[in-house]
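Engineer: Below you'll find the structure I mean.
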């Protein structure tokens with residue numbers, strides 16, 4: 001009994017330390033290393049105390065201006081995809097929450113299944129179509145693709161969140177002469193804000209980080225930050241890891257802060273999105 | 001029917017970008033075609049070609065190994081962490097947020113991180129393993145080591161999802177059940193085996209199926225780490241598809257591969273939807 005009283009807290013402390021190490025060490029290590037001067041990145045054993053310098057960031061700015069153009073493209077694509085996906089999902093989720101019927105219920109299952117089709121499958125038929133429409137290497141193609149792959153989850157999530165809002169509010173608004181759109185915008189959206197935020201978190205993280213579609217459908221003008229980074233990985237020889245660490249830190253920092261800040265909505269979205277249907 | 005305009009954007013996007021292209025892939029898979037050549041109907045020829053191609057079989061084996069090993073390891077870790085969190089921890093919210101952090105990391109950034117952590121000369125993990133006289137990963141030369149690294153990377157990126165699903169399910173179990181079991185004199189192991197695990201089983205199955213489906217389409221981690229090499233030895237099914245389509249311009253076999261991927265995903269998805277429905281029905285009772 002006495003041994004247990006010491007062993008259990010000790011075991012827990014070790015487990016917590018392992019979890020912290022596993023989750024944070026890779027992130028902390030590259031963020032710290034991006035500030036290491038010159039060759040200290042390759043010091044054996046690794047140095048954890050050093051004079052921080054922004055020299056790798058300066059080199060990144062001088063040598064890889066394309067990375068910053070990529071960041072701008074990422075911002076545009078992420079904003080566009082998020083607006084489109086959230087607006088479309090909220091409208092459809094509202095209808096699904098308020099109307100029943102066999103057809104609608106069956107199409108919810110359809111929405112769940114569609115979400116499970118691998119994205120790489122549609123690149124094959126879409127590639128010639130996108131070329132024919134002259135949409136290749138544009139922000140629009142990425143915005144449409146990213147939104148399309150998240151409106152199914154978005155709709156199911158919004159349906160779940162809107163179902164919790166009492167119908168009487170809609171009816172009261174209708175009696176006061178509000179149109180369906182006015183009700184949606186003035187009553188439903190403010191009350192379903194946690195749902196809107198949960199959907200936004202998913203779309204923002206996905207659009208900001210996505211690689212496959214950007215790799216296949218963009219070439220120069222609409223290249224997003226992850227794609228530029230993949231080219232940096234390919235072209236960098238041993239010495240330039242510092243620049244890559246700086247780029248990785250810049251790409252990661254905003255989305256990491258966003259996820260940590262929005263963790264409540266992410267947790268709500270993850271649980272509702274995979275266990276409700 | 002007045003609701004139709006509100007439903008239209010979602011369904012137009014899904015039909016136009018996902019459903020119709022997925023069906024078009026079926027037609028493509030039954031034809032021989034490439035750039036600038038009219039398609040010729042060849043029946044199931046492409047499927048036979050793909051299924052007898054040693055490169056496809058190797059890619060399929062790699063994918064199945066990755067899915068089975070990585071997803072189950074991830075579930076074991078996620079389950080252990082969920083139980084640890086539920087047993088009461090100080091700074092729980094802070095720790096929870098910490099565990100979520102890798103969710104924000106892109107595949108590209110994760111590859112940068114893990115490539116350097118396991119760098120054969122200067123990687124901190126390699127150096128630590130060497131200092132402990134443990135075997136290191138020679139991932140740029142040995143295919144099995146490369147696949148191990150891809151597996152680790154994938155677990156790292158997706159553990160937040162698995163953990164959250166299991167932890168939420170664990171929190172939903174009423175405390176009285178554990179209380180009652182303890183009063184009846186059940187040991188810790190018996191409580192876990194007879195109370196916790198059966199109640200978590202639906203969530204575990206749902207999370208597993210979900211992760212099978214997503215691990216089966218794995219592309220970026222493997223592509224960015226090894227490009228499928230050396231000598232196509234670390235290809236997964238999605239990389240095989242990409243190579244057939246965009247490197248060899250063999251649209252027929254690529255489409256057949258794509259439809260095989262869809263079929264496997266839909267099969268897993270059917271199980272997933274079935275479990276969801278049963279779960280919803282059980283909740284309603």
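Laboratory data are not the source of any read-out in this text; all were calculated from the coordinates shown. Keep in mind the model is a prediction, meaning the values are calculated, not measured. Here the Cβ is made from the backbone with ideal geometry for all residues, glycine too, and neighbour counts use every protein chain on show.
Engineer: What residue among A:122, A:196, A:49 has the largest mean-square fluctuation in a Gaussian network model of chain A, using Cα springs under 10 Å?
Structural biologist: A:49
Engineer: Under the definition of partner shielding as Cβ atoms of other protein chains within 10 Å of a residue Cβ, what is the mean value for peptide A:8-21?
Structural biologist: On the way: counts 1, 0, 0, 1, 5, 2, 0, 5, 8, 0, 2, 11, 4, 0.
The shielding value for this peptide is 3.
Engineer: For the stretch B:172-190 and the stretch A:101-163, write down the distance between their C-alpha centroids in whole Å.
Structural biologist: Here the two parts' Cα centres lie 45 Å apart.
Engineer: Along each of the three principal axes of the Cα atoms of the stretch B:89-134, give the extent in whole Å, ordering the values from largest to smallest.
Structural biologist: 37, 27, 12
Engineer: Something else about it: Taking beta carbons within 10 Å but only from partner chains, what does the mean come to for residues B:15-25? Can you show the working numbers first?
Structural biologist: On the way: counts 2, 4, 12, 12, 6, 4, 10, 7, 1, 5, 4.
So the per-residue partner count for this stretch is 6.
Engineer: Another question, if that's okay. Residue by residue through A:141-154, how many Cβ atoms from other chains fall within 10 Å of the Cβ on average?
Structural biologist: Details: counts 1, 0, 0, 3, 3, 1, 4, 10, 4, 1, 8, 4, 0, 1.
The per-residue average across the peptide is 3.
Engineer: Here's a follow-up. Can you sort B:244, A:40 so the residue with the fewest Cβ neighbours within 10 Å comes first? Present the calculation step by step, with values, prior to reporting the outcome.
Structural biologist: Details: B:244 26, A:40 15.
With the fewest neighbours first, B:244, A:40 line up as A:40, B:244.
Engineer: Could you tell me what a quarter of the Cα convex hull surface of the stretch B:139-199 works out to, in nm² with one decimal place? Can you show the working numbers first?
Structural biologist: On the way: hull surface 22.7 nm².
In nm², the orientation-averaged hull projection of the stretch B:139-199 is 5.7.
Engineer: Then there's this: Calculate the FRET efficiency for residue A:193 and residue B:267 from the Cβ-Cβ distance with a Förster distance of 25 Å, rounded to the nearest 0.05.
Structural biologist: Numbers: r = 37 Å, r/R0 = 1.50.
About 0.10, to the nearest 0.05.
Engineer: Work out the FRET efficiency for residue A:55 and residue A:169 from their Cβ-Cβ distance, taking R0 = 60 Å, and round it to the nearest 0.05.
Structural biologist: On the way: r = 58 Å, r/R0 = 0.96.
E(calc), rounded to 0.05, equals 0.55.
Engineer: For residue B:188 and residue A:13, what does the FRET efficiency come to when R0 = 22 Å and r is the distance between their Cβ atoms, rounded to the nearest 0.05? Write down the numbers at each step before the final one.
Structural biologist: Numbers: r = 18 Å, r/R0 = 0.84.
Result of the calculation: an efficiency of 0.75.
Engineer: How do B:142, A:138 line up, fewest other C-beta atoms within 10 Å first?
Structural biologist: Arranged by neighbour count, lowest to highest, B:142, A:138 become B:142, A:138.
Engineer: Alpha carbon centre of the stretch B:208-285 versus the stretch B:14-76: separation in Å?
Structural biologist: Using only Cα atoms, the two centres lie 9 Å from each other.
Engineer: By average Cβ neighbour count within 10 Å, what is the ranking of A:225-234, B:49-58, B:15-24 from highest down?
Structural biologist: So the peptides A:225-234, B:49-58, B:15-24, ranked by packing, come out A:225-234, B:15-24, B:49-58.
Engineer: Based solely on its DSSP helices, what 222 nm [θ] is calculated for chain A when runs of n ≥ 4 H residues each add -39,500 (n - 2.57) and the sum is averaged over all residues, nearest 500 deg cm²/dmol?
Structural biologist: Values: 13 runs with 208 residues, N = 277.
So the helix-based figure for chain A works out to -25000 deg cm²/dmol.
Engineer: Please compute the modelled spin-label separation between residue A:257 and residue B:138, points set 7 Å along Cα→Cβ, answer in nm with one decimal.
Structural biologist: Those two pseudo-labels are separated by 4.4 nm.
Engineer: Which three extents, in whole angstrom, do the alpha-carbon atoms of chain B cover along their principal axes, largest first?
Structural biologist: Extents along the principal axes, in whole Å: 75, 66, 34.
Engineer: In nm, to one decimal, how far is the modelled label at residue B:76 from the one at residue A:185, with both set 7 Å along Cα→Cβ?
Structural biologist: 5.5 nm
Engineer: Connecting C-alpha atoms closer than 10 Å in a GNM of chain A, tell me which of A:85, A:173, A:247 has the biggest fluctuation.
Structural biologist: Highest fluctuation of the listed residues: A:173.
Engineer: So what are the stretch A:106-158's ellipsoid semi-axes, whole angstrom, largest first, if each one is the square root of 5 times an eigenvalue of the alpha-carbon gyration tensor? Walk me through the intermediate numbers first.
Structural biologist: Numbers: eigenvalues 118, 32, 12 Å².
Semi-axis lengths for the stretch A:106-158 are 24, 13, 8 Å.
Engineer: If you wrap a convex hull around the Cα atoms of the stretch A:65-275, how much volume per residue is inside, in Å³? All intermediate terms of the calculation are to be shown ahead of the outcome.
Structural biologist: On the way: hull volume 30.5 nm³, N = 211.
So the per-residue Cα hull volume is 144 Å³.
Engineer: Considering the convex hull of the alpha carbon atoms of the protein assembly as shown, report its projected area averaged over all viewing directions, in nm², one decimal. Working shown, then result.
Structural biologist: Values: hull surface 118.9 nm².
In nm², the orientation-averaged hull projection of the protein assembly as shown is 29.7.
Engineer: If neighbour count is taken as other Cβ atoms inside 10 Å, put B:214, B:41, A:261 in order from fewest to most. Provide the component values of the computation, followed by the final result.
Structural biologist: Values: B:214 18, B:41 9, A:261 12.
Listing B:214, B:41, A:261 from fewest to most nearby Cβ atoms yields B:41, A:261, B:214.
Engineer: Taking springs between alpha-carbon atoms closer than 10 angstrom, which of B:97, B:108, B:273 fluctuates most in the Gaussian network model of chain B?
Structural biologist: Per the Cα network of chain B with a 10 Å cutoff, B:97 tops the list.
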